[in-house]
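Report on the structure given below.
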């Protein structure tokens with residue numbers, strides 16, 4: 001693992017366990033959305049660290065109620081619950097990737113998928129929400145669309161998006177190669 005990434009990851013626990021962070025103090029009425037960006041080639045290390053972080057919080061800070069939303073797992077469950085999996089596979093075979101993307105645009109619209117996530121993970125009842133798997137669900141889901149949708153549904157709950165790419169505080173670049181629409185409402189978790 002890259003030394004700089006290791007140092008940044010190790011700063012996360014202290015930051016997220018503070019009362020100030022959990023209450024959103026000092027944000028000037030901004031939403032408490034945070035992005036932890038990292039080099040995409042470090043994806044497996046970040047996943048491993050996230051598992052460690054969840055275990056650590058559970059053991060040492062059971063007073064902090066949190067949930068982890070893995071977007072890939074959630075997307076598959078959502079499509080499966082709606083009997084879209086086999087249809088999606090057939091659609092991809094018949095019409096290719098573009099046809100599949102077009103067909104799933106409606107069912108995966110954030111007006112539907114965002115509330116599903118909130119309900120499935122009881123997000124309003126949590127103190128902290130982790131989101132991972134952004135790279136695994138691209139191009140079906142876009143991080144900036146997800147965050148925009150969740151803002152109205154979650155309000156000021158701290159949300160940390162683990163992002164395989166780069167976030168400048170103004171824009172996102174998935175995998176460091178795919179620019180996203182400008183998104184400036186989140187803060188960098190650890191610079």
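Each value in this text was obtained by applying a stated rule to the coordinates, not by laboratory testing. Computed from a predicted structure; not experimentally measured. Cβ placement follows ideal geometry from the backbone for every residue including glycine, while neighbour counts extend to all protein chains displayed.
Search segment 152-191 for residues being out of contact with any strand residue (DSSP E or B) (no Cβ under 9 Å at 6 or more places or on another chain) and part of a loop (DSSP other than H, G, I, E, B), and hand back the single one that is surrounded by the most Cβ atoms within 10 Å (Cβ to Cβ). Before you say what the answer is, go through the steps one by one.
First, the residues of segment 152-191 that are out of contact with any strand residue (DSSP E or B) (no Cβ under 9 Å at 6 or more places or on another chain): 152-153, 155-156, 170, 184, 191.
Right, trim to part of a loop (DSSP other than H, G, I, E, B) and you get 155-156, 170, 184, 191.
On the way: 155: 11, 156: 14, 170: 8, 184: 12, 191: 8.
Here the answer is 156.
Quick one: residue 178 ticks every box in (1) touching a helix residue (DSSP H, G or I) at 6+ places or on another chain (Cβ under 6 Å); (2) over 18 Å from residue 21 (Cβ atoms); (3) touching a residue at least 40 places away in the same chain (Cβ under 8 Å) except a single one, so which number is it?
Exception for residue 178: condition (1).
Give the residues of segment 5-25 that are outside any loop (DSSP other than H, G, I, E, B) and in contact (Cβ under 8 Å) with a residue 40 or more places away in the chain, sorted by residue number.
Of segment 5-25, the ones outside any loop (DSSP other than H, G, I, E, B) are 5-9, 12-17, 19-23.
Scanning segment 5-25 gives 5, 8, 9, 12, 13, 15, 16, 17, 21, 22.
Assuming residue 39 fulfils every condition listed in (1) in contact with a strand residue (DSSP E or B) (Cβ under 9 Å, 6 or more places away or on another chain); (2) closer than 30 Å to residue 152 by Cβ; (3) in contact (Cβ under 8 Å) with a residue 24 or more places away in the chain apart from one, which condition is it?
Condition not satisfied by residue 39: (2).
Which condition does residue 144 not pass, out of (1) over 11 Å from the mean Cα position of the chain (by Cα); (2) free of Cβ contacts under 8 Å to residues at least 60 places away in the same chain, if it passes all the others?
(1)
Would a scan of segment 42-52 turn up a residue that is touching a residue at least 60 places away in the same chain (Cβ under 8 Å), surrounded by 14 or more Cβ atoms within 10 Å (Cβ to Cβ), in contact with a strand residue (DSSP E or B) (Cβ under 9 Å, 6 or more places away or on another chain) and within 17 Å of residue 16 (Cα to Cα)?
Looking for residues that are touching a residue at least 60 places away in the same chain (Cβ under 8 Å), surrounded by 14 or more Cβ atoms within 10 Å (Cβ to Cβ), in contact with a strand residue (DSSP E or B) (Cβ under 9 Å, 6 or more places away or on another chain) and within 17 Å of residue 16 (Cα to Cα), one finds at least one in segment 42-52, hence yes.
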